[in-house]
Amino acid sequence: MLIEDFKLERYFAKYEFTAKYLLSSSDCDGYSLDYILSLATPDEQKLWNNLRFGYTESSGSDFLREEISMQYSTISADKINVMSPGEANFILMNILLNSGDEVICQRPSYQSLYQVAVSLGADFKFWDCRSDNKFYIQDLEKIISSKTKLLILNFPHNPTGFVPTNAELKQIIELATNYNIFIFSDEMYRRLIHDEKDEIPSVCDLYENSASLWGMSKSFGLAGLRIGWVCTHRKDLLDKIASFKDYLSICNNAAGEVLSFIALRHWRDFITPNKSKINRNKEIFKKFVAKYVDLFEYYEPKGGSTVLVRQNTGMSSYELAEKIVNEIGIMLVPSEMFDYGEQHLRIGLGRENFPEALKIFDDYLSEKFL
């Protein structure tokens, strides 16, 4: 299979470890090993101390899958396969799709959500967000049909931060049910809902003909563990995932499984600080864009750690991002990396040094544009 370069990841490869500040990161600050182990109970610490670096169970160790299942209302351990999130997406697209199958995906979205399927020859329709960064059910109704085989969702949404209401999510599932459409739900930002009243359940707990993806990277601030998982009621799908995985990672890293287990047992100690940081940074950013109403259009996100803003500087977003990183050392992600025009920037709200980076950006804009 020939596949295009992953634009966003190639852009991060260029600047992520050389730029002084990252103002567009999609994750939160990474927690330290010391922090994880400081939370461990004596039994959890013993599990870590007795760790051996042999092969692990292909679908994920029993103790980890049992703990993951506690995060769902209808999912038991035998309905979970543990793997890296990117691997999960790659496998699912390959086992679900054939050339010519019709797929609907949100736009903008993380490139791997659609690029693998495109490379497999799928026919795509895009559910576009409107100028207010919201996805409207009536727009989905216009493009969905009996020909649609797969609907790809991502809530909380990267990069807009959009979260549907519970009623809207049920409407989406009703549409899929009416046409017997499989849903792949990317839920990497699950539980990063800024206000608890806006919480939504996992799609796999609402709809059997689906698979939900979550992991340690975004919500937990543990991207370096490279641990994620797929939950589905479809045993036939789980069997195919396991078989395909034999050609890729085969199994997960042993240390990552144990550390993920500890983090899941203490999930509030990871997710609650991340939510607090995001909400703090969101308030700071709201004041920032209020100062530059002629330069930026901002719609408040409801979940996740990112927001998409329209920029009106007279330059393309790529030109602006290149100028900023080269002149003041701040990396911004332009919308060209999402195949979404030339006028938007992704802003990341999950970093502790966000106020410091934004102040430098503010000073630069004040000098150049005010």
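Count, please, the residues in the stretch 244-254 that happen to be more than 15 Å from G228 (Cβ to Cβ) and either open to solvent by 20 Å² or more (accessible area, probe 1.4 Å) or of a type outside the set (A, V, I, L, M) (or both). Let's see the steps before the verdict.
Of the stretch 244-254, the ones more than 15 Å from G228 (Cβ to Cβ) are 244, 246-247, 250, 254.
Pick out the ones that are also either open to solvent by 20 Å² or more (accessible area, probe 1.4 Å) or of a type outside the set (A, V, I, L, M) (or both) and you get 244, 246-247, 250.
Final tally of qualifying residues: 4.
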Is the stretch 353-367 home to any residue that is of a type in the set (D, E), in a helix (DSSP H, G or I), open to solvent by 10 Å² or more (accessible area, probe 1.4 Å) and at pLDDT below 95? yes
So, in the stretch 256-286, of the ones that are assigned to a helix (DSSP H, G or I) and of a type in the set (F, W, Y), which residue ends up nearest to N50 (Cα to Cα)? F261
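Mind checking whether some residue in the stretch 130-145 is within 25 Å of I241 (Cβ to Cβ), modelled with pLDDT of 95 or more and open to solvent by less than 30 Å² (accessible area, probe 1.4 Å)?
The first filter runs over the stretch 130-145 and keeps only residues within 25 Å of I241 (Cβ to Cβ), leaving none.
Looking through the stretch 130-145, none of the residues is within 25 Å of I241 (Cβ to Cβ), modelled with pLDDT of 95 or more and open to solvent by less than 30 Å² (accessible area, probe 1.4 Å).
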Can you spot a residue in the stretch 316-337 that is surrounded by fewer than 18 Cβ atoms within 10 Å (Cβ to Cβ), among the aromatic types (F, W, Y) and closer than 24 Å to D186 by Cβ? no
Where the second residue is buried (at least 24 other Cβ atoms within 10 Å of the Cβ) and the first is modelled with pLDDT under 95 and lies in the stretch 209-221, which pairs have Cβ atoms under 8 Å and are six or more apart or on separate chains? none
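Looking at this structure, is K125 under 17 Å from G100 (Cβ atoms), surrounded by fewer than 16 Cβ atoms within 10 Å (Cβ to Cβ), of a type in the set (D, E, K, R) and touching a strand residue (DSSP E or B) at 6+ places or on another chain (Cβ under 9 Å)? Even if it seems obvious, please write down each step before you answer.
Working: under 17 Å from G100 (Cβ atoms): yes; surrounded by fewer than 16 Cβ atoms within 10 Å (Cβ to Cβ): no; of a type in the set (D, E, K, R): yes; touching a strand residue (DSSP E or B) at 6+ places or on another chain (Cβ under 9 Å): yes.
No, not satisfied.
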Can you list residue pairs whose Cβ atoms sit under 9 Å apart, with the first residue in the stretch 229-257 being among the acidic types (D, E) and the second being open to solvent by less than 40 Å² (accessible area, probe 1.4 Å) and assigned to a helix (DSSP H, G or I)? Count only pairs 6 or more apart in sequence or on different chains. E257/L64; E257/L225
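Out of Y35, Y21, report the one residue that is closer than 18 Å to R351 by Cα and in contact with a helix residue (DSSP H, G or I) (Cβ under 7 Å, 6 or more places away or on another chain).
Working: Y35 fails: in contact with a helix residue (DSSP H, G or I) (Cβ under 7 Å, 6 or more places away or on another chain).
Residue meeting the stated conditions: Y21.
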Find the residue count for the stretch 281-304, including only residues that are in contact (Cβ under 8 Å) with a residue 24 or more places away in the chain, among the basic types (K, R) and surrounded by fewer than 18 Cβ atoms within 10 Å (Cβ to Cβ). 1
Go through the stretch 42-77 and count every residue that is under 23 Å from the mean Cα position of the chain (by Cα), surrounded by 17 or more Cβ atoms within 10 Å (Cβ to Cβ) and farther than 16 Å from L264 by Cα. 1
Can you name every one of the helices (runs of 4 or more DSSP H) wholly within the stretch 68-156 that holds 3 or more residues which are touching a residue at least 40 places away in the same chain (Cβ under 8 Å) and of a type outside the set (F, W, Y)? 85-96, 112-119
Considering only residues of the stretch 146-177 that are surrounded by 13 or more Cβ atoms within 10 Å (Cβ to Cβ) and small (G, A, S), which is nearest to the chain's Cα centre (by Cα)? G161
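Output the residues belonging to the stretch 13-53 that are among the aromatic types (F, W, Y) and touching a residue at least 24 places away in the same chain (Cβ under 8 Å).
Keep residues of the stretch 13-53 that are among the aromatic types (F, W, Y), which gives 15, 17, 21, 31, 35, 48, 53.
Scanning the stretch 13-53 gives Y15, Y21, Y31, W48, F53.
The values are calculated or read from the model by the stated rules, or taken from the named source; none is laboratory data. What you are looking at is a predicted structure, and each value in this text was computed from that prediction instead of being measured. Using ideal geometry, Cβ is built from the backbone for each residue, glycine included, and neighbour counts are taken over all protein chains shown. In case anyone asks, the SASA skips ligands and DNA or RNA and just uses the protein heavy atoms, side chains included. Shrake-Rupley method; radii C 1.70, N 1.55, O 1.52, S 1.80 Å.
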